Structure formats: structure tokens, C-alpha cells
Amino acid sequence: MAAEIKPLEQNSDEIRSGFGRKLNLLSTIEGVPLDINMAVLLGGEEEGVAAVSEDKTVRIWLKKNKGKYWGSVCQHLPATASSIYYQKDKHKIYVGLNNGTVMDFVITDNGTKLSHIRDVLAHVDRITCIEVIPALKFVFTGSKDTYLQWHCSESGKKLGKFKIDVWISSLCFDLASKCLFVGDLSGQITVLKMVEGSAHFITVLKGHTASVRCLAWDNENSLLFSGGGDNTIVVWDIGSRKGTTVELSGHQDRVECLIYIPTFKQLLSGGYDSNLIIWNMDAQRNSTPEWTESDKCECCNGPFFWNFKMMWEIKSLGGRQHHCRKCGKAICAKCSSNVSILPQYGFEYPVRLCLNCHANLTSEELQPLATFYHLKHRIVHADADINTKRLLTVGKDRVIKIWEMVDNWN
Ligand SMILES: [Zn+2]
Ligand SMILES: [Zn+2]
């Protein structure tokens, strides 16, 4: 896989025809005094929303007339609430705290009451992610304390733990293979297999040059998606067992959340750049080519700046090395001055191409395979409900926005 890829600094809006679409904003929820860490759509008639915040609360809002949301529950907790998971069939929420405790609640009385069930002392530091697997009655939690832990969703009994050595950021489980993917702040993904209740180490996936922020799973094709602090999304073809990866480059800042919608074969990514990108995953994409290393430009044979011998011989100054994103050749600035989007290689913003690759681009190769929506807040978390066709985004601005997805999901 190629090294870190940075977009060119230029106004690229015109070149990206998948850019600049609008989503219909249905409602906003404001008034939480500190950062909101996560929020979930509760579905149902009231189209409720539950959120956890740095202000040591879990809150529920219900939709009243004219799309306005009204706060129905504000439960104060012993510590900052850092993560939440909603188990729809049981109307149950699992709230992870900054002190390592998981608090279980049941939502009753049409979303107007939270009944506390139990506390599980799962970790000794901030809980960053919760994943509940009803079929196994497992609650997996990941924490800043570098442990992955799992306990029984019915009894609260602790069942096991696994040390990752780095602050865990995200979790994803495949029920069919019983594989658990654990993303961390070092940029790695640890793959574990659950056998008779215990976790067995399989391998480590290395593809990001900064932290892994979020994970998602495509059950049908056994694809793992990881979003990173390096602004990229990596698609890991776990099912093929050939180790193939594709990079999706569209965000200009870190990727904070990923949601896969199997019905429409869409991957939704939310970023700190305030963009929601909907990636068409039905499209065929190619792996990023390996970058070649050379002392001279592979197009015009001009020397690169460290090639003193050749610079002396031809009495010429050396240039900086760039790479063509399509063929991977090492080329000079002059030979890579042509830029283009390259959606079939995952690049939805313009990247450098060599003269030959640029001259031979076909119109089919220039078709965008993703659509961009600017949501006007730095996205820190998102949730989707395919039944009500709603998308929820949590912003760094402490606002929750509810978006209509009817046009995207019909
Ligand atoms: Zn050149
Ligand atoms: Zn090329």
C-alpha cells in the first residue's frame, strides 16, 4: 500500500461532480452545555434520540409536532458518559463511562423514563466503544485502559478480557466467523477470534498512518472498513483471504464515523471536515499501486535532488519526487502537473498523474463513485435508521442534527 497521501491544495469543488449536494435537515437538538460524545436513534413513533455527554448525563429527546424535539429524560451519572449502545429489541441502552463502568438502562413509558438495571465495573479508564451481540449475549467494550473486555448482557457477569497495549478506539464483530476487530490509536486493527467464550489472537492489520477512529463491517462480502486520523478509509477484503485493500480518499480531515448500509451497498463516512460522504460500494475499485523509487523521473529522466552524480553530469538542478497515483511511477513536478479525480482507485479529489496516465483517462474513469454532503458541523459521531430513513449526526458544536435520507434510500 502507498504511503500517506495528501490532497493537492487547490479549489477542487468544480472537478468533483459528486460534490456539493444537499441533504434535507429535519431537526436540530441543542442545549447540551458540554461536548456530546455519541447519540443514537431510538426509532419508534416518537423517533426518540438518546445521547451521552461530557456533562455526566444521558439524555433522551422525543419528537413533538412540527419536527421539534423536547427533552424527556436527563439522567445524571457518576462520571462523564463517553459511549452508548442501543439494543432496539429490548429498549435497552448501555452507557460507558469515563471511569470504566458500563451502566445498563431500560427505556420505559414511551421514552419518558430510564430504569437503571445494573453497573458493570468493566474497565479502569474511559470506555470508548460498546458492541452488543444479542445472539451470544455478549457485551464487548474497549477502553483507554488498553483492554478489550466482554461480559454477559443478561447477568452482567464478566467473561473475559484481552490486552491490546494501546488505547482502543473502535470495535466491530462478525457473527458468522466470530471474528472481532479492534481498532486502536496506534493505527492498527487487531483481529481476534472468539472460541468458546475466549479471545484468540489471529493477526494485526496495518494500513493507517494515524489512529484508527472507527470500523464497520459488510456481512455479505466480508469487507472490513476502517476510518483513520490520516483522513482515509481502508477497505479490507477479509473474505478473499488475499490481503487486498483499497483506499478511499475523499475527506480532508480525520474520519470519525462509518456506517455500512447493506440494502443499498453504501458506505457512509463522517469526518472532522464536516463532510458526509456516501460511497457506492457496488462499484469496482482497484488497489492503490505500489510506489516505485527512482533516482530520476520515470517520464523525462530528470534527476531528483539527491542524485548529485547525475545533476553534476548534466549540469542541472534536481527536482522533488512525486508519484503518479494510477501507475505508481516516480515522477518530477513538471511531469506530474496534471491532476484528476481517480474514483476507480478511491480518489474522489484530484491527485497527481503522470503524462501518460493523464492522456489516456477515459470518461468512464472520471465518473465519481461517491457523493459529498457538507453538513456544516464537524462530525464526531453518526447513527442511521434505514426503516425511518433518518441519519443522525453529532457535531463538535454540541448540536445533534437529524437528516432525511429518503432520496438516498429508496
Ligand atoms: Zn519528469
Ligand atoms: Zn502514471
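Brief remarks follow.
- Amide hydrogen proximity for MET38: with H placed 1.01 Å from N in the peptide plane, the residues at 5 or more positions away or on another chain lying under 5 Å are VAL52.
- Options CYS324, SER337, ILE314, ranked by Cα towards positive dipole end of the stretch 308-366, top entry (Cβ charges): ILE314
- Stokes-Einstein diffusion of the stretch 331-399 at 37 °C, 0.692 mPa s viscosity, Kirkwood radius from Cα pairs, rounded to a whole number: 218 µm²/s.
- Whichever aspartates and glutamates have a C-alpha closer than 12 Å to that of LYS329, once near sequence neighbours (fewer than 8 apart) are set aside: GLU290, GLU293, ASP295, GLU298
- Which of HIS208, TYR69, TYR349, positive extreme of dipole for the chain (C-beta unit charges): TYR69
- Dipole magnitude for the chain: computed about the Cα centre from +1 point charges on Lys and Arg Cβ and -1 point charges on Asp and Glu Cβ, it is near 260 debye.
- Kirkwood radius for the chain, taken over all pairs of different Cα atoms as the inverse mean of 1/r, rounds to 22.7 Å.
- The residue among TRP150, VAL166, VAL32 whose Cα reaches farthest toward the positive pole of the charge dipole of the chain, with charges on the beta-carbon of Lys, Arg, Asp and Glu, is VAL32.
- Looking at the stretch 285-383, the trypsin sites (Lys or Arg not before Pro) that sit in a DSSP loop and have at most 14 other Cβ atoms within 10 Å of their own Cβ are LYS315, ARG320, LYS376.
- Per residue, in Å², the accessible surface of the chain once ligands and nucleic acids are set aside, probe 1.4 Å: 45
- Counting 0.36 nm for each residue step from ALA79 to ASN24 and taking away their Cα separation leaves a gain of 16.3 nm.
- Spatial separation of Cα centroids for the stretch 20-83 and the stretch 110-126, in angstrom: 17
- Cross-link pairs LYS144/LYS178; LYS137/LYS158; LYS163/LYS242; LYS68/LYS376; LYS22/LYS326; LYS56/LYS157 - those with Cα-Cα distance over 22 Å: LYS144/LYS178; LYS163/LYS242; LYS22/LYS326; LYS56/LYS157
- Cα centroid separation - the stretch 189-213 against the stretch 305-373, whole Å: 34
- Charge dipole (debye, nearest 20) of the stretch 142-201; +1 at Cβ of Lys and Arg, -1 at Cβ of Asp and Glu: 140
- Backbone amide hydrogens, once placed in the peptide plane, bring ARG378 within less than 5 Å of LYS396, ASP397, excluding anything fewer than 5 places away on its chain.
- Heavy-atom accessible surface of the stretch 152-203: percent carbon and sulfur, 1.4 Å: 56
- Förster radius 51 Å - calculated FRET efficiency between LEU361 and LYS88, Cβ distance, rounded to 0.05: 0.65
- Per-residue ellipticity at 222 nm from helix content only, as computed over the chain with -39500 (n - 2.57) for each DSSP H run of at least four residues, stands at -500 deg cm²/dmol.
- Cβ-placed point charges (K, R +1; D, E -1), dipole of the stretch 308-366 about Cα centre in debye, nearest 20: 380
- Of the trypsin sites (Lys or Arg not before Pro) in the stretch 182-255, those whose Cβ has at most 16 other Cβ within 10 Å and which sit in DSSP loop: ARG241, LYS242
- Where labels lie 7 Å past Cα in the beta-carbon direction, separation of ASP125 and ASN338 in nm: 5.0
- Fraction of accessible area attributable to carbon and sulfur, the stretch 251-409 (%, probe 1.4 Å): 49
- In range of the label at GLN284: residues from the stretch 220-246 whose backbone nitrogen is under 19 Å from the point 7 Å along Cα→Cβ: 221-223, 235-246
- J(HN,Hα) series, the stretch 172-182, from Karplus relation 6.51 cos²θ - 1.76 cosθ + 1.60, nearest Hz, glycine and proline x: 7, 10, 10, 5, 4, 9, 6, 8, 10, 10, 10
- Across the chain, the longest run free of exposed loop sites, meaning chymotrypsin sites (Phe, Trp or Tyr not before Pro) lying outside DSSP classes H, G, I, E and B with no more than 14 other Cβ atoms within 10 Å, spans 1-304.
The values are calculated or read from the model by the stated rules, or taken from the named source; none is laboratory data. Since the model is a prediction, treat every value here as computed from it, not as a measurement. Positions of Cβ are generated from backbone atoms using ideal geometry, with glycine treated the same way; all protein chains shown enter the neighbour counts. All accessible areas refer to the heavy atoms of the entire protein, side chains included, with ligands and DNA or RNA removed. Shrake-Rupley method; radii C 1.70, N 1.55, O 1.52, S 1.80 Å.
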